[in-house]
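Right, one structure below, let's go through it.
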Ligand code: 4NP
């Protein structure tokens, strides 16, 4: 079993999409996918309704997800930890206990050679188009990740 954690700030917009999209492309008998946020603001909440909606219109149900905060034991639970942007990456690395912990953390968009800005832009204060763009970028990147796994 390979375990992969998607991490953003609130765990309600970007990482729930990355979680649901990657999970939809993999055999869940062999891959465990989850998501978390570095901040505690939204613990226990459903994903943002705009993330639920763009996922649903692409055939993916993320409505059962509930926001969690990233915790140090996640370094033990997961093999790969993908940060949605550089700020999330820095926040995760600040909690690492060892070089082995640090080695597990990757910037998600480093897997996508087609995009030059390596941050999945935070759509929280944006509009529906921003959520569609985030969905498309994450989906494209998850295709590459799933192919390589
Ligand atoms: P996310 O988006 O990190 O993609 O879940 C955000 C959600 C909430 C906030 C910021 C970003 N917030 O400030 O509450």
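The values are calculated or read from the model by the stated rules, or taken from the named source; none is laboratory data. No experiment lies behind these values; they were computed from the predicted model shown. Positions of Cβ are generated from backbone atoms using ideal geometry, with glycine treated the same way; all protein chains shown enter the neighbour counts.
The table that follows gives values for the structure above.
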item: Answer from 46, 71 - the residue that is more than 14 Å from the ligand (Cβ to nearest atom) and at pLDDT 95 or above; result: 71
item: Residue 61 being within 23 Å of residue 26 (Cβ to Cβ), more than 16 Å from the ligand (Cβ to nearest atom) and surrounded by fewer than 16 Cβ atoms within 10 Å (Cβ to Cβ); result: yes
item: Cβ pairs under 6 Å, 6+ apart, first in the range 25-40 and in contact (Cβ under 8 Å) with a residue 60 or more places away in the chain, second assigned to a strand (DSSP E or B) and surrounded by fewer than 16 Cβ atoms within 10 Å (Cβ to Cβ); result: 31/2
item: 1 or more residues in contact with a strand residue (DSSP E or B) (Cβ under 7 Å, 6 or more places away or on another chain): qualifying helices (runs of 4 or more DSSP H) within the range 1-81; result: 14-25, 74-77
item: Residues (in contact with a helix residue (DSSP H, G or I) (Cβ under 9 Å, 6 or more places away or on another chain) and part of a helix (DSSP H, G or I)) located in the range 90-105; result: 92, 93, 100, 101, 102
item: Identity of the residue in the range 107-140, more than 15 Å from the ligand (Cβ to nearest atom) and surrounded by 15 or more Cβ atoms within 10 Å (Cβ to Cβ), that ends up nearest to residue 75 (Cα to Cα); result: 111
item: Tally of residues being crowded, with 24+ Cβ neighbours inside 10 Å and under 17 Å from residue 142 (Cα atoms) across the range 2-21; result: 13
